[in-house]
1. Need one word for region 146-260: rounded, prolate or oblate. Basis is the Cα gyration tensor (sqrt eigenvalues a ≥ b ≥ c); a/c below 1.5 gives rounded, then a/b vs b/c decides.
2. Please give the residues of region 34-52, grouped as numeric ranges, whose backbone N is less than 13 Å from a label point set 7 Å along the Cα-to-Cβ vector of Ala69.
3. Would you work out which of Phe56, Ile111, Leu71 lies farthest towards the positive end of the dipole of region 1-159, given +1 charges on the beta-carbon of Lys and Arg and -1 on that of Asp and Glu, about the Cα centre?
4. Figure the gain on full extension for Lys90 and Ser11 (residue separation times 0.36 nm, minus the Cα-Cα span) and round it to one decimal in nm.
5. For Lys52 and Arg130, what is the calculated FRET efficiency with R₀ set at 45 Å and r taken between the beta-carbons, to the nearest 0.05?
6. Once each part is reduced to its C-alpha centroid, what is the distance from region 1-27 to region 160-178 in angstrom?
7. At 7 Å along Cα-to-Cβ for each site, give me the label-to-label distance between Ser105 and Glu164 in nm.
8. In nm², what is the average projected area of the convex hull enclosing the Cα atoms of region 2-137?
Amino acid sequence: MGSAIGERLKSAYRLYVFDKDKAKTGDLADIYVSESIADLLANVDAVLLAVKPQDFDSVLEEIGHGADALLVISIAAGITTNYIERYLGKARIIRAMPNIGAKISQAETCIARGASATDDDLSLAEALFRMIGKTWRIGEDMMDAATAISGSGPAYIFYDIEKENIEPSRITQQQKHKYKEFLKDAAVGLGFSAAVAADLASSITQTSLNLMILTPFLPSQLRNQVTSRGGTTDAAIQVLMNGGSWQEAARAAEERAKQLSRKD
């Protein structure tokens, strides 16, 4: 996800990147590679944290108060702004949940701000993520629901097409409408307003269908790309495999997100 975002942003911003695995940054073009986190922090106004959960705490500890004057945007699932603020002191924190649509610059990204983030910070975050798709401002209390809908939602579509053995290029308008309605009802069931739920459902449906047409991956392969063992999407897919509805699947994904969340 970090690579997909970086490839889009580098055309408009000067980007610096650090990864402890040097092999991942060796072939980057038009992006400055920093030698350390401290080196990166000294050159930027905003930081995007695209870090695996198992590495997140150690990265936060290394950043420490070096980010006090910076905007920090995290795309780590399940990690709240309050949790990040505990490590980073006075940094302004934005939390974002982009989805697999970033692969084709058609992501759905839900954005929430932490206690110290300003309106300008939120506007900047929106501008950044609009470069990879559409954005929605939500309260952080809705982030677990966003994980279940925008994060895991494409997998519900991939699974249905895989199960029904449908050729993605031959999806009918009736089938597309079904996916939109199922996703909208699932989103409303998790607390989204009817208007936001409908907008999210329409965008996620179109993005998911486009991914199957514009990338070389089968629906099953795309589903696997957003399904980590024991994660939120895995919980939802298990419900669908057992004959459950999309609403039930989304509730299972949201519950799993709450279980995995780091809040304090």
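Every number in this text was worked out from the coordinates using simple rules, so none of it is lab data. Since this is a predicted model, take the numbers as computed values, not measurements. Positions of Cβ are backbone-derived with ideal geometry, glycine not excepted, and every protein chain shown enters the neighbour counts.
1. Judged from the Cα gyration tensor, region 146-260 comes out oblate (a/c at least 1.5, b/c at or above a/b).
2. Residues 41-46 fall inside that zone.
3. Ile111
4. Gain in length upon complete extension: 25.5 nm.
5. So, using R0 = 45 Å, E works out to roughly 0.95.
6. 35 Å
7. Result: 3.1 nm between the two label points.
8. Details: hull surface 29.9 nm².
Answer in nm², one decimal: 7.5.
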